[in-house]
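Have a look at the structure that comes next, please.
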Amino acid sequence: MTPIDFAPLIPAFPLAAAILAALLSGTKLKRAAHVPAISGVALSFFVALFLLLKCQWGQAIAGGAPYVQSTLWTWIAAGGFKVSAGIFLDPLAALFVTFVTGVSLLIFIYSAGYMEGDYGYWRFFAYMSIFVFFMTTLVLANNFLLVYLGWEGVGLASYLLIGYYYPRPSARDAATKAFITNRIGDTCFAVAVLMLYLTFHSLKFSTVFYGVLANPAFRAAHATALFWIPLLLMFGAFAKSAQFPLHVWLPDAMEGPTPVSALIHAATMVTAGVYLIARCLPLFLYDQPVLHLVGIIGCFTAFLAATIALRQFDMKRIWAYSTISQLGYMFMGLGVAAGASAVFHVFTHAFFKALLFLATGSVMHAMGGELDIRKMSGLGKKMPITTVCILTGCLALAGFPGFSGFFSKDDILSAAMNATWGLGPWLAVIGLLTALLTAYYTFRVFFRVFCGELRLPATAGQHEPSAFTLPGPQDGGGNRRGDAGTRGHGDTGKDEGKIAAAGYEPETVNQTPHTTIHKPEIASHYPHSLDGAPTMWLPLILLAIGATCAGYLGVFGGTEGGWIGGFLGRVPHMQPAVRYVVAPAGDMYLPAPWRVSPSVMMLIGAVVSLVGIGAAAYWHWFNRSAADTLAGAVRPVASFLENKWYIDELYRYGLVRPLRLLGHVLWRVDRWVVDGVVGVIGGIPRWLGFSIRSSESGRLRSYAFGMVTGAVLVLLVMWYWLR
């Protein structure tokens, strides 16, 4: 067997785990649903790591070829249209599938502790496993149609996971918003797939990217199609990766459990758009206006999301806008053809963003679901492990020297600064300003929540509220007995149908905490740590190590771009030095003597990071009242940012309400005009039947008289026409 023969096992293991977790739903083992889920993604990770090492050593891809592929079976065969299900393995796919499964494994382990005792425990792990199955299918697919299957699959899984707490209308609305917003991009992607087939007469990557695309005569003959295909792919990627103007769904996705947020933001769904453009970069390189548009919108999105994060107060939403901003950096890197730099940032971002979300989940778990940074302070005294881990994630996100985000972000900025096309240096300048804002809002959270005087919310020491709580008698502590979904206290055996039939609103549910494990009135005197079970803080430590060390893979390795640059450089369009052969414009980067060296950009980035962290320390640690005073002095600006540039309102009044009004008008037309016409047409024969039904009396004399009368009338009519 060759190494690629093991690749189908990577998506197969999570799929088998999802099926097994679902089969456990009706048994006493449903509380052990995490066992097949963790085992499945762990096996996938080990296979992916094996393939990565084989690719590194040249044993999986030999003979100087940039890729290797295999066909598993013929998927669709209709006349001349044939599509096979197969594997496409190159360094890009090998790296993606390794960190996707590796980070997912740590999130799964964390989830076993975080979701313990939750009512839908087996359902949660089944959905999570399905998510990983579709994402790995997307990454390993050998053709666009199979990518589209994985693309739609991660959208479905995200819908199920965002709406996991379905008794809450806010969770249902968030899931619907994510699903509908992504339909826009998915439609664009579907049209692009159709155009690809009509243009190339194949959907296989090997044919599209390594076939006739390099032929100038072919590109001239299909210039229109080769403009629209990357443009449509861009919109598909922007919807999935939450770029302006299709970014509005991602902050609301925080309605799902915190491990879901970590999985979506760090390792799976939102990175799918970056993967798509990185995979299709040859199409973009031969249509540079669209490629430049990718960089410009990515840069604007990074700045937009960073400014909004400045005035958000929910920790998870702050990290959500941070994800949108960091994805903007990745698209900026793709927009200046620095594919290896963009993927490098995807790789480092997976570690520190998963770390930030999971550490925030630990805070949420210990503070009874409270996430408002204005209601807590000094948690470093009570959550030492979480504090160290979230500090590591903050340093990486802020681009502090020596941490992973420092290397990958500055690699993108360096590529933008050295780009020869007009807006490249301006993108770098805006990127540096965004980096300053990022360092500030990141440590605004850390200094507000983990430093300063100890102040805990009233819910401290309680588990966060359950969305699956049923009304019941209350105990002396104000908790309802018989609550379904009380984490850490087993299954009450209540049927899920009872929850769905309860008909209560989340406002009532959210006020009902899980079983209290500490008394709130003595919350400030806890003699022990609130870091949670080892299954929660051990993944945090491993992710913290990754957030610290992952960046060095882009520094050391003996080539430009370090090990990652050299490894990805085996893919022609990902080469960090040559930057692919682009015709007719030639090289997109300044000659070597005129380039801003990576070391200079790192120095500038380090200064920017330190300034942002210092400003956050002053305003949110040493002199918090001054920050509130400043916000009051610039209240219009603060309100503008708190309301997220009023983009949701623009959608509501410019799109949603007009469409609802149009739908109401069309419903009225259907109800009174269309149905009215149908009613009249159907009413005429009914009226005629009603009019003559009295003639059906059953009397033979009446029937005979009618027959004679009818015959006479017929004869008279015939005589009249024939005379």
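Figure the gain on full extension for ILE545 and ALA220 (residue separation times 0.36 nm, minus the Cα-Cα span) and round it to one decimal in nm.
Details: separation 325, 0.36 × 325 = 117.00 nm, distance 4.99 nm.
That works out to 112.0 nm of additional length.
Quote the charge dipole size of region 369-460 about the Cα centre in Debye, to the nearest 20; the model charges only the Cβ of Lys and Arg (+1) and of Asp and Glu (-1). All intermediate terms of the calculation are to be shown ahead of the outcome.
Numbers: 8 positive and 5 negative charges, 80 e Å.
With only Lys, Arg, Asp and Glu charged at Cβ, the dipole is about 380 debye.
Another one. Please report, in cubic angstrom per residue, the volume enclosed by the convex hull of the alpha-carbon atoms of region 674-723.
Numbers: hull volume 4.2 nm³, N = 50.
Enclosed volume per residue, from the Cα hull, is 85 Å³.
So what is the relative contact order of region 40-106, in percent, for Cα pairs below 8 Å that sit 6 or more residues apart? Show your work: numbers first, answer last.
Values: 71 pairs, mean separation 26.5, N = 67.
Over region 40-106, the number comes to 40 percent.
A follow-up question, please. Of GLY405, CYS299, HIS365, which is farthest towards the positive pole of region 295-410's charge dipole, taken about the Cα centre with +1 and -1 on the beta-carbons of Lys, Arg and Asp, Glu respectively?
The residue sitting most towards the positive pole is HIS365.
Name the residue from TRP621, LEU659, PRO636 whose Cα lies farthest towards the positive end of the charge dipole of region 620-689, charges +1 on Cβ of Lys and Arg and -1 on Cβ of Asp and Glu.
Going by the charge dipole, the pick is LEU659.
Additional query: Arrange the residues ARG699, ARG311, ARG671 by how much accessible surface each exposes, largest first, with a 1.4 angstrom probe.
Numbers: ARG699 160, ARG311 50, ARG671 105 Å².
Greatest to least solvent exposure: ARG699, ARG671, ARG311.
Please compute the net charge surrounding ILE373, taking Lys and Arg as +1 and Asp and Glu as -1 over other residues with Cβ under 15 Å from its Cβ.
Numbers: positive: ARG311, LYS316, ARG317, ARG374, LYS375, ARG444, ARG448, ARG455, ARG624; negative: ASP314, GLU370, ASP372, GLU453, ASP628, GLU642.
So the environment of ILE373 carries a net charge of +3.
For the chain, what does -39500 (n - 2.57) per DSSP helix run (n ≥ 4), summed and divided by total residues, give at 222 nm, in deg cm²/dmol to the nearest 500?
Details: 30 runs with 445 residues, N = 723.
About -20000 deg cm²/dmol.
State the extension gain, in nm to one decimal, for the chain segment bounded by ALA78 and LEU630, taking 0.36 nm per residue of separation less the distance between their alpha-carbons.
Working: separation 552, 0.36 × 552 = 198.72 nm, distance 6.64 nm.
Net length gain for the segment: 192.1 nm.
Given R₀ = 30 Å, what would the calculated FRET efficiency be for VAL708 paired with LEU688, taking r from the Cβ atoms and rounding to 0.05?
0.85
Okay, moving on. Let me check I've understood the local charge: for ALA631, count other residues with C-beta under 12 angstrom from its C-beta, Lys and Arg +1, Asp and Glu -1. What total comes out? Mind dumping the intermediate values first?
Details: positive: ARG311, ARG374, ARG444, ARG624, ARG635; negative: ASP628, GLU642.
Spelling it out: positives minus negatives among the neighbours equals +3.
Leaving ligands, DNA and RNA out of it, report the carbon-plus-sulfur percent of the accessible area of the chain at a 1.4 Å probe. Intermediate results must be reported in sequence, preceding the final value.
Numbers: 20310 of 29390 Å².
The nonpolar share, carbon plus sulfur, comes to 69 percent.
Taking region 1-135 as the region of interest, what is the percent of Cα-Cα pairs per 10 angstrom bin, listed from the shortest bin to the one with the maximum distance?
13, 36, 28, 18, 6, 0
Per residue, how much accessible area does the chain show when a 1.4 Å probe rolls over the protein heavy atoms, in square angstrom?
Details: 29390 Å² over 723 residues.
Per-residue value: 41 Å².
Now a separate question. Between ASP648 and LEU49, what is 0.36 nm times their sequence separation minus the Cα-Cα distance? Round to one decimal in nm.
On the way: separation 599, 0.36 × 599 = 215.64 nm, distance 4.17 nm.
Contour length minus Cα-Cα distance gives 211.5 nm.
Next question. Could you point to the residue in PHE81, VAL445, GLY328 farthest towards the positive end of the chain's charge dipole, with +1 and -1 charges on the Cβ of Lys/Arg and Asp/Glu respectively?
PHE81
Output the 0 to 90 degree angle, nearest 10, between the alpha-carbon long axis of helix 169-200 and the longest principal axis computed from the alpha carbons of the chain.
Taking Cα atoms only, the helix is inclined about 90 degrees.
Across the chain, where is the longest run that never hits GluC sites (Glu not before Pro) in a DSSP loop with at most 16 other C-beta atoms within 10 Å?
On the way: sites that count: GLU453, GLU560, GLU696.
Result, exposed sites excluded: 1-452.
For the pair LEU662 and TRP721, what calculated FRET efficiency results from E = 1/(1 + (r/R0)^6), where r is the Cβ-Cβ distance and R0 = 51 Å, to the nearest 0.05?
0.40
Work through the residues other than TRP619 whose Cβ is under 13 Å from its Cβ and net out their charges, Lys, Arg +1 and Asp, Glu -1. Intermediate values should be presented prior to the final figure.
On the way: positive: ARG311, ARG444, ARG448, ARG624; negative: ASP628.
Result for the local shell: +3.
Right, another one. Suppose a student asked you for the relative contact order of the chain, using Cα pairs under 8 Å spaced at least 6 residues apart; what percent would you report? Working shown, then result.
Numbers: 1223 pairs, mean separation 94.9, N = 723.
Over the chain, the number comes to 13 percent.
The chain: D in µm²/s via Stokes-Einstein (Kirkwood Rh, Cα pairs, 25 °C, 0.890 mPa s)? Show your work: numbers first, answer last.
Numbers: Rh = 27.8 Å.
Rounded, D is 88 µm²/s.
Enter the angle in degrees (range 0 to 90, nearest 10) between the Cα long axis of helix 34-56 and the first principal axis of the Cα atoms of the chain, meaning the one along which they spread out most.
With rounding to tens, the tilt is 60 degrees.
Rounding to the nearest 20 debye, state how big the charge dipole of region 234-360 is about its Cα centre with +1 on each Lys and Arg Cβ and -1 on each Asp and Glu Cβ. Intermediate results must be reported in sequence, preceding the final value.
Numbers: 6 positive and 4 negative charges, 25 e Å.
Using only the charged Cβ atoms, the result is roughly 120 debye.
Give the calculated FRET efficiency between ASP372 and THR420 to the nearest 0.05, with a Förster radius of 45 Å applied to their Cβ-Cβ distance. Before the final figure, lay out the partial values.
Details: r = 47 Å, r/R0 = 1.05.
Efficiency, rounded to the nearest 0.05: 0.45.
Let me spell out the model: positive unit charges on the Cβ of Lys and Arg, negative unit charges on the Cβ of Asp and Glu, origin at the Cα centre of the chain. What dipole size does that give, in debye rounded to 20?
Numbers: 48 positive and 35 negative charges, 269 e Å.
Here the chain has a charge dipole of around 1300 debye.
Where does helix 91-114 land angle-wise versus the long Cα axis of the chain, in degrees 0 to 90, nearest 10?
The helix 91-114 is inclined about 90 degrees to the chain.
The values are calculated or read from the model by the stated rules, or taken from the named source; none is laboratory data. Fair warning: this is a prediction, and the values are worked out from it, not measured in the lab. No Cβ is skipped: glycine too gets one built from the backbone with ideal geometry, and neighbour counts run over all protein chains shown. These accessible areas exclude ligands, DNA and RNA; they are computed on the full protein's heavy atoms, side chains included. Shrake-Rupley method; radii C 1.70, N 1.55, O 1.52, S 1.80 Å.
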